[in-house]
Amino acid sequence: MALEFIVITNNPLVQEKFADELNVDYEDIPFRDVLCKVRDLIHKGHRLLTHPLSGSVKPHETPYKSVLVTTKPSTMDLGEVSIIENAIITADKFAEKFPNMPQSVKEDFQLIDCTLITSGIDAVLRR
Amino acid sequence: MAKIKVVHYVNQFYAGIGGEEKADITPELRVGTVPAGDALNKAWGEEAEITHTIICGDSYFGENMDKASAEIMEMVKSTGADMFIAGPAFNAGRYGVACGTIATNVKNTLGIPVLTGMYVENPGADMYKTQIYIVATKDSGAGMRDAIKKMAPLALKLARGEKIEASCVEGYIPNGVRVNLFEKECGAARAVKMLIAKLNDKPFVTEFPMPDFDRVEPNPAVLDMSKATVALCTSGGSVPKGNPDRIESSSASHYGEYDITGVMSMDGDHWETAHGGYDPVYVNEDGNRCLPVDVLREMEASGRIGKLHNKFYTTVGNGTAVLSSKAFAEEYAQKMINDGVDCVIMTST
Amino acid sequence: MVKEIERAGLPVVHICTVTPISMTVGANRIVPAIAIPHPLGNPALDLEGEKHIRRCIVETALKALETEVDDQTIFDVKY
Amino acid sequence: MKLELGNIIINDIQFTNEGSKVENGVLTVNPEQIKSLVLEDSNIESCEVFIARPGESVRITPVKDVIEPRVKVEGPGGIFPGWIAKVDTVGSGRTNVLKGAAVVTTGKIVGFQEGIIDMTGPGADYTPFSKTYNLVVKMEPVEGLKQHDHEYALRIAGFKVACFLGELGRAVTPDEIETFEFDNLVESAKKYPDLPRVAYVQMLQSQGLLHDTYVYGVDAKRTLTTIINPLETMDGAIVSGNCVSSCDKNPTYVHLNNKVIRELFKAHGKTLNFVGHIITNENVYLADKERSSNWSAKLAEYLGCDGVIISQEGFGNPDTDLIMNTKKIEAKGIKTVIITDEYAGRDGKSQSLADADPSANAVVTGGNANQVIVLPPMETVYGHLHFVDTIAGGSANNIDAHGNITVEIQAITGATNETGFHNLSAR
């Protein structure tokens with residue numbers, strides 16, 4: 001049976017690329033709020049499928065984050081709780097750096113986040 | 001540059017007054033030095049000089065901490081020193097705690113640089129290493145020369161406000177602040193050496209200690225719960241509605257202490273959570289979901305417990321945060337003991 | 001934090017959802033809670049049902065405090 | 001298997017209008033030859049070539065890759081199998097190396113790219129590539145080229161230039177020949193029955209654009225953890241596609257000269273028996289992380305290891321892989337030393353890693369990547385300086401009136417390398 005998942009994202013490119021074929025939960029919210037949204041879902045028993053600190057671009061340096069979680073809640077996984085909570089702690093170490101980012105740089109960040117999550121989506125779909 | 005004026009704190013033993021039998025002597029300010037101070041002066045040459053020495057008995061300090069501390073502070077102030085040095089205390093526990101306490105006080109109230117030295121297992125080291133620089137010494141006075149060799153240059157740097165290098169370079173006990181340095185060997189060579197030591201059960205020092213995973217022995221069980229005062233604590237961030245003390249939602253800089261005299265239930269009209277680490281909807285609806293005041297009140301009425309303590313303590317802590325707010329708990333645990341609490345229920349999310 | 005309370009000399013029981021973390025932070029008496037956003041409750045139940053599970057958890061916590069332990073011990077809740 | 005590295009020591013790079021050559025330790029390059037080689041790729045619009053020598057007032061940024069020029073002179077396979085050469089197994093015969101020289105590629109693939117190499121000043125201490133004679137190849141793509149194709153074009157161009165320069169050393173007699181021999185498991189067990197058996201577990205960044213590593217041309221995220229002969233790695237089997245957050249990313253040069261492998265060879269037969277090189281990935285998908293770390297532990301056990309060195313690549317999510325690898329390998333009774341770096345905040349007071357475990361009790365650190373450094377202006381900048389304020393470790397308006405740039409050292413290529421390539425550390 002296919003694993004059903006939601007793409008939690010604030011990246012418009014991910015929304016644009018996958019909205020037709022996948023369950024994309026897009027909101028125009030800050031980076032940290034995406035992590036908190038994922039955290040609350042993990043606390044409710046949704047399973048975390050991709051690492052919330054994917055990629056090397058630092059939190060808040062990139063404004064964009066996409067994370068995969070299962071659609072249906074099951075049992076809360078303690079390891080995943082630890083991963084998401086430590087991700088938020090880690091993100092909080094980095095201050096927002098470029099409030100007035102040029103559109104071209106924004107688009108580059110969108111692209112990088114999109115390729116990272118695409119590698120996660122590919123991995124889930126081919127399993 | 002003018003010679004740096006230093007005041008030195010030692011106990012009765014290092015002042016040459018006597019051992020345990022003289023440990024109750026009261027603080028005394030002397031002009032000049034004791035032998036440990038002479039050694040420092042010699043090492044500094046023309047750069048700095050101990051002009052005054054403060055001597056206090058270890059027992060006196062331990063038993064009259066607030067009073068002794070205040071007296072010593074006045075003495076330090078009266079000397080107009082540029083810097084304060086305590087010890088080194090090596091493995092003498094009470095002396096180490098005294099050195100740490102006074103040095104920390106001097107730093108915080110007088111704002112002059114301070115330095116002490118002690119053995120890493122001295123209880124004073126654990127208590128104060130994150131607040132002041134403590135040079136790592138050997139475990140007995142036989143290590144005096146080695147201690148002075150490290151303390152003298154570090155003291156000068158501190159007095160001059162120079163950049164302090166990493167702990168392994170300067171010789172202080174690691175204080176949790178990560179400082180970069182260039183090693184002679186590349187990381188790979190260090191890794192292979194460390195592995196060979198580890199494989200051969202030889203000592204090695206990790207360059208990055210994992211967070212503290214130590215244990216504390218369990219305390220004995222409560223014998224008669226029907227007579228016990230039970231206190232509630234939580235890391236779930238329970239606070240009065242509106243968060244009057246503005247407890248931050250994460251990495252809070254203080255904890256909350258709230259009176260629940262007469263409170264029968266943590267209803268959502270009067271209580272909420274300040275915690276930013278989870279979805280607050282459910283606890284804001286009904287605070288008993290985090291802090292079970294309602295059922296403890298029932299148990300108090302039925303005599304299952306003697307009494308619910310009239311204060312609770314609250315922090316925001318991610319259950320999984322590797323760092324924990326240790327100092328807060330140390331402080332409010334003491335308050336609970338003073339208030340006659342017998343046992344504690346701590347709730348976490 | 002539990003550890004500091006224990007170290008100060010007070011017997012302490014830790015009611016905690018993520019029990020492995022409770023082990024890591026050095027709690028000696030541990031009682032598992034329901035869920036992170038509602039450790040001592042369950043919004044899926046009615047008020048009385050919720051109070052019942054809360055009573056069970058707190059009762060287990062008190063029993064844990066009344067029990068001598070030598071090592072870290074998890075006390076399971078009977079609902 | 002036996003590999004000889006014939007080191008031709010390079011003491012300078014010079015330009016010429018005539019033929020490129022290596023003579024008396026000088027690499028003489030005709031830049032036109034480099035340009036025409038690079039421009040064979042129709043995706044590259046323009047190319048400029050510069051020389052950056054140690055001590056010169058030069059800044060190179062943003063660095064895409066650093067590559068050592070080499071040529072296969074004896075034995076099977078060729079340089080960069082799966083890319084330039086066919087996929088024949090490398091790691092035996094002789095490879096000549098232009099030691100002390102490097103090709104540094106630069107080009108703006110994305111707007112926030114960093115990677116700074118200063119050839120002098122305070123920044124130079126933080127990058128190992130301030131000590132090499134660098135041929136800088138700056139490339140601009142054709143209009144509208146997608147980032148993926150752009151990255152690919154730059155990566156391949158770098159390899160081509162490195163091979164072209166390496167080829168100049170084919171007939172040159174090396175100044176020194178280093179010989180490395182790696183026995184199979186049975187032979188090495190017979191030779192060194194009493195020495196502890198040690199393997200190297202190398203984690204490879206494998207997550208997406210500018211976050212990838214390739215093994216014999218295969219994208220590492222599509223691999224299971226496997227065993228490779230360390231001589232293959234030393235001979236170019238692993239290459240980098242990986243340059244953002246460049247302080248703890250491995251350029252191709254670092255793979256070719258992996259210092260963990262070299263140090264293990266130094267100790268081999270003396271204090272330990274080096275039995276293998278395990279390569280594992282750092283994927284985005286959590287199940288992949290579980291699977292890959294299971295396999296690392298299984299292969300370490302299969303090799304009969306007493307101990308392993310684990311090296312990480314990158315920040316954040318690889319901490320999870322690192323701790324999984326460490327816990328699972330230690331659980332097999334195999335002792336570990338791990339190499340990582342830290343993000344302890346600018347003040348050094350924050351939690352350094354995103355994961356932790358008591359079993360990770362022997363750690364070598366490449367330093368705190370958040371440390372702030374002021375880089376004074378250089379006379380010459382090769383690349384695109386104006387991107388420095390939008391990079392990792394930079395911040396808005398971080399260039400002052402005098403041209404001083406304030407950045408975290410995470411922007412400096414190789415500063416906190418997690419294969420132990422450099423000598424920065426922290427306490």
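The values are calculated or read from the model by the stated rules, or taken from the named source; none is laboratory data. The shown structure was predicted, so the numbers you read here are calculated from the model rather than taken from an experiment. Note that we place each Cβ from the backbone using ideal geometry, even for glycine, and neighbour counts take in every protein chain shown.
The table below lists the values:
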quantity: Checklist (1) in contact with a helix residue (DSSP H, G or I) (Cβ under 9 Å, 6 or more places away or on another chain); (2) crowded, with 18+ Cβ neighbours inside 10 Å; (3) over 19 Å from residue D:239 (Cα atoms) applied to residue D:75, failing item; calculated: (1)
quantity: Segments classed as helices (runs of 4 or more DSSP H), wholly inside the range B:249-349, with at least 3 members that are closer than 25 Å to residue B:130 by Cβ and modelled with pLDDT of 90 or more; calculated: B:326-338
quantity: Number of the condition not met by residue D:50 [criteria: (1) crowded, with 24+ Cβ neighbours inside 10 Å; (2) closer than 26 Å to residue D:17 by Cα; (3) of a type in the set (Phe, Trp, Tyr)]; calculated: (1)
quantity: All helices (runs of 4 or more DSSP H) inside the range B:24-91 with 3 or more residues being among the β-branched types (Val, Ile, Thr); calculated: B:65-79
quantity: Criterion violated by residue B:247 - all others in (1) touching a Gly at 6+ places or on another chain (Cβ under 8 Å); (2) facing another protein chain (nearest Cβ under 10 Å) satisfied; calculated: (2)
quantity: Test: residue in the range A:90-107 that is touching a helix residue (DSSP H, G or I) at 6+ places or on another chain (Cβ under 6 Å) and closer than 20 Å to residue A:16 by Cβ; calculated: yes
quantity: Candidates B:279, B:267, B:286, B:245, filtered to the one that is touching a helix residue (DSSP H, G or I) at 6+ places or on another chain (Cβ under 6 Å) and of a type in the set (Asp, Glu); calculated: B:279
quantity: Residue identified as more than 7 Å from chain B (Cβ to nearest Cβ) and farther than 26 Å from residue B:339 by Cα among C:37, C:20; calculated: C:20
quantity: Boolean, residue B:64 is in the same structural domain as residue B:140 (by TED's automatic domain parsing), among the polar types (S, T, N, Q) and at pLDDT below 95; calculated: yes
quantity: Criterion violated by residue D:373 - all others in (1) at pLDDT 90 or above; (2) surrounded by 24 or more Cβ atoms within 10 Å (Cβ to Cβ) satisfied; calculated: (2)
quantity: Positions within the range D:17-48 being among the β-branched types (Val, Ile, Thr), within 21 Å of residue D:97 (Cα to Cα) and not in a helix (DSSP H, G or I), in sequence order; calculated: D:22, D:26, D:28, D:29
quantity: Wholly enclosed helices (runs of 4 or more DSSP H) of chain C bearing at least 1 residues of a type in the set (Ser, Thr, Tyr) and more than 19 Å from residue A:79 (Cα to Cα); calculated: C:47-65
quantity: Qualifying positions in the range A:58-84 - within 14 Å of chain B (Cβ to nearest Cβ) and in contact with a Gly (Cβ under 7 Å, 6 or more places away or on another chain); calculated: A:73, A:76
quantity: Residue in the range D:312-331 that is farthest from the other protein chains (Cβ to nearest Cβ), counting only those that are of a type in the set (S, T, N, Q) and assigned to a helix (DSSP H, G or I); calculated: D:325
quantity: Single match in D:183, D:194, D:212, D:149 (criterion: of a type in the set (Asp, Glu) and part of a strand (DSSP E or B)); calculated: D:212
quantity: The lone exception for residue B:61 - which of (1) buried (at least 20 other Cβ atoms within 10 Å of the Cβ); (2) in contact with a His (Cβ under 8 Å, 6 or more places away or on another chain) it fails; calculated: (2)
quantity: Residue tally, condition within 14 Å of chain D (Cβ to nearest Cβ) and either in contact with a helix residue (DSSP H, G or I) (Cβ under 6 Å, 6 or more places away or on another chain) or without any contact (Cβ under 8 Å) to a residue 60 or more places away in the chain (or both), over the range B:194-238; calculated: 21
quantity: Failed condition for residue A:123, given (1) surrounded by fewer than 23 Cβ atoms within 10 Å (Cβ to Cβ); (2) outside any helix (DSSP H, G or I); (3) small (Gly, Ala, Ser); (4) at the interface with another protein chain (Cβ under 7 Å from one of its Cβ atoms); calculated: (2)
quantity: Check on residue D:334, away from chain A (no Cβ under 12 Å), touching a residue at least 12 places away in the same chain (Cβ under 8 Å) and buried (at least 24 other Cβ atoms within 10 Å of the Cβ); calculated: no
quantity: Answer from B:191, B:166 - the residue that is assigned by TED's automatic domain parsing to the domain that holds residue B:118 and either under 30 Å from residue D:305 (Cβ atoms) or out of contact with any helix residue (DSSP H, G or I) (no Cβ under 6 Å at 6 or more places or on another chain) (or both); calculated: B:166
quantity: Criterion: without any contact (Cβ under 8 Å) to a residue 12 or more places away in the chain and within 22 Å of the chain's Cα centre (by Cα) - qualifying residue of B:2, B:98, B:70, B:103; calculated: B:70
quantity: Tabulated pairs, the range A:32-55, first under 12 Å from residue A:82 (Cα atoms) and more than 8 Å from chain D (Cβ to nearest Cβ), second of a type in the set (D, E, K, R) and not in a loop (DSSP other than H, G, I, E, B), C-beta under 6 angstrom, 6+ apart or interchain; calculated: A:42/A:80
quantity: Subset tally (residues that are under 20 Å from residue D:123 (Cα atoms), within 7 Å of another protein chain (Cβ to nearest Cβ) and part of a loop (DSSP other than H, G, I, E, B)) for the range B:164-183; calculated: 4
quantity: Output for the range B:234-287, where each listed residue is more than 21 Å from residue C:17 (Cβ to Cβ), surrounded by 15 or more Cβ atoms within 10 Å (Cβ to Cβ) and either outside the structural domain of residue B:329 (by TED's automatic domain parsing) or out of contact with any strand residue (DSSP E or B) (no Cβ under 8 Å at 6 or more places or on another chain) (or both); calculated: B:263, B:265
quantity: Test: residue in the range D:170-178 that is away from chain A (no Cβ under 14 Å), small (Gly, Ala, Ser), assigned to a loop (DSSP other than H, G, I, E, B) and in contact with a Leu (Cβ under 7 Å, 6 or more places away or on another chain); calculated: no
quantity: Identity of the residue in the range D:185-241, within 14 Å of chain A (Cβ to nearest Cβ) and more than 15 Å from the chain's Cα centre (by Cα), that ends up farthest from residue D:111 (Cα to Cα); calculated: D:224
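Rundown of residues vs (1) in contact with a Pro (Cβ under 6 Å, 6 or more places away or on another chain); (2) over 24 Å from residue A:56 (Cα atoms); (3) β-branched (Val, Ile, Thr); (4) not in a strand (DSSP E or B), yes/no style:
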position: D:125; (1), (2), (3), (4): no, no, no, yes
position: D:137; (1), (2), (3), (4): no, yes, yes, no
position: D:153; (1), (2), (3), (4): no, no, no, yes
position: D:156; (1), (2), (3), (4): no, no, yes, yes
position: D:162; (1), (2), (3), (4): yes, yes, no, yes
